[in-house]
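Some notes on the structure that comes next.
The values are calculated or read from the model by the stated rules, or taken from the named source; none is laboratory data. Predicted model only: the values in this text are computed from it and were never measured. Cβ placement follows ideal geometry from the backbone for every residue including glycine, while neighbour counts extend to all protein chains displayed.
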Amino acid sequence: MAGGYAGKFLRVNLTEGSWGDFTLDDDTLKRFIGGSCLAAKLFLDRYSLDADPLSPENPLMIMTGPMVGSGFPGTSRFSVCARSPQTGIWAESACGGTFGPDLKRTGYDGVVIEGRSQGPVTLTIDDSGVRITDASSLWGRDIYEVTDEIKAHDKSVKVLAIGPAGENLARIAAIGNDKGHFSGRAGLGAVMGSKNLKAVVVRGTSAKAAKADDEGFKLAMKTAMQEIKDSALAEGLHMMGSDANMDLGMVTGDVPVKNWTSGGEFDLASNLSGPTMREKYLTKAHACTNCPIACKRVVKVDDGPYTTEEGPGPEYETCAVFGTMMMNPDLTAVIKANEFCNRYGMDTISCGSAIALAMELYEKGEITKDRLGGLDLSWGNMDAVLKLVRQIAYREGFGDILADGAVHAARRLGGSAMDAVVHVKGLEAPMHDPRGFHGMGLAYMMSNRGACHLQHFVLATEQGMASWPQLFDMKDDYEGTTSEGKAWLVYNSENYGILANSLSICHYVAYAIRPETLRDAFNAITGFGFDFADLLSTGMRDWTLKRGFNNLLGISKKDDILPKRIMTALEEGGAAGSVPDMDLLLREYYALRGLDERGFPKEEVLLKLGLNELKERLYR
Amino acid sequence: MPIKAMTQEWMDAYKAAIQADPEYKSIAKDWEGSVSLVVNPDPAKNVPEPIYLFMDYWHGDVGEFVVCDKEKAESAKFVMTGDYARWKQVAFKELDATKALLQGKLKMRGDLPYVVRNIKTVNKVIDILGKVDTLWPDDNK
């Protein structure tokens, strides 16, 4: 048995109200590791790709990786995976917090949830076993209320829950862990809602995954702690959270403004920035289990129209999408919008992007006040925005149109709407402008869940947060607004970065420590004895597996494209006058990745990576 | 005529370049406090001893700009330390100072959020540094 694994997985069928264990052999674990990579492998091997994502046949997988529960920094994570109801393709969403290590300590590496319960239920997994219990009294309540209610009986349990958005099958619904941590993207909360599964509760104390090399692990752990202590990046994240990016990103052209139509709004950024949050609203920094960085914000707004009780604060993405994207300079309104999205259980990026789209269409006169039920959706009107956030969660009024995300909304609204949506493969782009960083544009085009900044380490390598020349040939400093050399950078940053979601380690920790340290810790835990080439090769397999998954669902080269708005240069800001060279980026990337003219992995690539069964399905 | 880097004459020229810059005053209007640069020795590049540079910035104006001793350097509000080769990369804009900091190639002691908030000022003074006609210690080997 490979080190680091609990040794079994739980399969629950909510239609039948049954459950049982299954195991995987060491060779499968060594090749697909865990987290989202192992989930994709399981999905392809065991489930139909034809099922509607909101049908009982779409499995919901909650997976840890071998490093989870080890105590190594940043390894509290887990990935929730399914076919996305928002995009129709592969969906994965990694989450920090508290849930992963406790799930592991119940003796399970992951849970696969099938079927649909007749009525609302809670799935509980603890040292005494598995239970499915009635959750009728929790249905209709928001994530904060549900979490408090469940923890009122035993505050040591860890809770994964959906809110009204998930219940109402909003395709941008998220899943929340202990209020402040979310599997946000691609609508996985709706998949959970479609199963009538209100919450998954874990409490594990007894099971402990053995490490292959305890002494080696202690050494790697000590090294990692010192590297994090010495890291200015880690220090900045601790002091300012991920919103440290706001000021810096506005200078470099990273931060989108006014639904991606403007830039260079320095005063706006300053109002919304990490330093401002720290000075005015931060009550404390919060850490996921076993994390010395503590990048999470706990905030409180004492007065004004957006008074908010002490609770989880917004990340950079939320500050941008409910701030600069909406021309809103009021950080307290962002904090309130974040709280609403947390409570209702919605992805802030998708929710905010859909609203920013509506604001633009309102300004153009394509959406009237009447259609909005009397809301004045002028730029920066956060009273109206907050009302709309609620409407989205409950699918009320105009909110019903936005509840499936910006792309679905644009299709229904027509006019110029589709030209105003920034997405790839149906997923709205996160708040990093590819006009400022062309490599990110390529990463958006090629990420397997749609436009994404978390399926790779491009954010770190292209923006200079990390430099790993020992891992692959790279420079210390890349100019953002050039496409030359970026395919190589993205390809390698994907192969390394995608491992974060199979090993289940936080991106920020992986940025702050050397690759040698991560490799050594991984090997000490698992005993796999990987060198850098093995790690990168495993990343290639991971990416190719998910690409094949999407190819089987109809994804091809035509879908690897940046939207019209991103291919339109801005007139001001750090990215002014710059657009990615899509042809160059894709041509070089396709050659590196071994994709054919259709955008399918070539047969020889699949065979080299040991993906023989996928090859048979793609080339039958 | 290039000026020898990290000498008092060079510091004077740098100060004059900042004062002459048409944008500096407005960009740096919020900045308060002194900055020291510590250049680690690199005998192979003709930097046999550590070099300490002290610069005082205040709301768009500049004050004392001196080559100093370790004690004075460490009295600054912000102290940035790095190898000579890294500083030269920064001056030549081959390596962005923020990226160097995040990658651990430069170290800083001081209020990091303050620097983040005033990143435009930091970028501006580095931009001007690159415009000073400089003879670097390893240029005339």
Checklist outcome for this item: Counting only residues in region A:471-484 that are free of Cβ contacts under 8 Å to residues at least 40 places away in the same chain and out of contact with any Lys or Arg (no Cβ under 8 Å at 6 or more places or on another chain), the one farthest from the other protein chains (Cβ to nearest Cβ) is identified as A:Asp473
Next on the checklist: Among the residues that make up region A:439-458, is at least one of them in contact (Cβ under 8 Å) with a residue 24 or more places away in the chain and either within 14 Å of another protein chain (Cβ to nearest Cβ) or among the basic types (Lys, Arg) (or both)?
Outcome noted: yes
Next on the checklist: Looking at A:Gly263 and the list (1) farther than 30 Å from A:Val407 by Cβ; (2) more than 10 Å from chain B (Cβ to nearest Cβ); (3) touching a Leu at 6+ places or on another chain (Cβ under 9 Å), which single condition is not satisfied?
Outcome noted: (1)
Checklist outcome for this item: Given the conditions (1) in contact (Cβ under 8 Å) with a residue 40 or more places away in the chain; (2) crowded, with 24+ Cβ neighbours inside 10 Å; (3) assigned to a helix (DSSP H, G or I), every one holds for A:Asp419 apart from (2)
Checklist entry - If you scan region B:83-105, which residues turn out to be at positive phi and either within 7 Å of another protein chain (Cβ to nearest Cβ) or at pLDDT 95 or above (or both)? => result B:Gly104
Checklist entry - Any residue in region A:136-155 that is of a type outside the set (A, V, I, L, M, F, W, C), under 18 Å from A:Asn58 (Cα atoms) and at pLDDT 95 or above? => result no
Next on the checklist: Go through (1) more than 24 Å from A:Cys95 (Cβ to Cβ); (2) within 14 Å of chain B (Cβ to nearest Cβ) for A:Met465 and report which single condition fails.
Outcome noted: (1)
Checklist outcome for this item: If we keep only residues of region A:227-248 that are of a type in the set (Gly, Ala, Ser) and more than 10 Å from chain B (Cβ to nearest Cβ), then the residue surrounded by the most Cβ atoms within 10 Å (Cβ to Cβ) is A:Gly241
Checklist outcome for this item: For B:Asp12, the lone unmet condition from (1) acidic (Asp, Glu); (2) within 14 Å of chain A (Cβ to nearest Cβ); (3) touching a residue at least 40 places away in the same chain (Cβ under 8 Å) is (2)
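Yes/no per residue for (1) not in a loop (DSSP other than H, G, I, E, B); (2) not small (Gly, Ala, Ser):
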| position | (1), (2) |
| --- | --- |
| A:Trp19 | yes, yes |
| A:Asp27 | yes, yes |
| A:Leu38 | yes, yes |
| A:Asp52 | no, yes |
| A:Gly71 | no, no |
| A:Ser79 | yes, no |
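How many of the residues in region A:422-442 are closer than 16 Å to A:Lys564 by Cβ and assigned to a strand (DSSP E or B)?
3
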Checklist entry - Looking at region B:63-74, is at least one residue more than 13 Å from the chain's Cα centre (by Cα) and either among the aliphatic types (A, V, I, L, M) or closer than 18 Å to B:Asn123 by Cβ (or both)? => result no
Checklist entry - Across region B:43-61, which residue is farthest from the chain's Cα centre (by Cα) among those that are in contact (Cβ under 8 Å) with a residue 40 or more places away in the chain and crowded, with 19+ Cβ neighbours inside 10 Å? => result B:Val47
Checklist entry - Name the pairs: first residue in region A:225-243 and within 22 Å of A:Asn338 (Cα to Cα), second residue basic (Lys, Arg) and in a helix (DSSP H, G or I), Cβ to Cβ under 9 Å, at least 6 apart or on different chains? => result A:Met239/A:Arg278; A:Met240/A:Arg278; A:Gly241/A:Arg278; A:Asp243/A:Arg278
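A quick yes/no check of all residues on (1) out of contact with any Cys (no Cβ under 6 Å at 6 or more places or on another chain); (2) over 14 Å from A:Val112 (Cβ atoms); (3) free of Cβ contacts under 8 Å to residues at least 24 places away in the same chain:
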{"position": "A:Trp19", "(1), (2), (3)": "yes, no, no"}
{"position": "A:Asp27", "(1), (2), (3)": "yes, yes, yes"}
{"position": "A:Asp45", "(1), (2), (3)": "yes, no, no"}
{"position": "A:Pro73", "(1), (2), (3)": "no, yes, no"}
{"position": "A:Ala82", "(1), (2), (3)": "yes, no, no"}
{"position": "A:Thr87", "(1), (2), (3)": "yes, yes, no"}
{"position": "A:Gly96", "(1), (2), (3)": "no, yes, no"}
Next on the checklist: Looking at B:Ala73, B:Ala28, B:Ala97 in this structure, which one is in contact (Cβ under 8 Å) with a residue 12 or more places away in the chain, crowded, with 18+ Cβ neighbours inside 10 Å, small (Gly, Ala, Ser) and farther than 25 Å from B:Asp139 by Cβ?
Outcome noted: B:Ala28
Checklist entry - So which residues in region A:447-490 are more than 15 Å from the chain's Cα centre (by Cα), surrounded by 24 or more Cβ atoms within 10 Å (Cβ to Cβ) and under 18 Å from A:Leu595 (Cα atoms), if there are any at all? => result A:Lys486, A:Val490
Next on the checklist: Just the residues that are small (Gly, Ala, Ser) and either closer than 20 Å to A:Ser416 by Cα or buried (at least 22 other Cβ atoms within 10 Å of the Cβ) (or both), please, taken from region A:540-573.
Outcome noted: A:Gly548, A:Ala569, A:Gly573
Checklist entry - Residues in region A:83-138 that are assigned to a helix (DSSP H, G or I), touching a helix residue (DSSP H, G or I) at 6+ places or on another chain (Cβ under 9 Å) and over 28 Å from A:Leu545 (Cα atoms): how many? => result 0
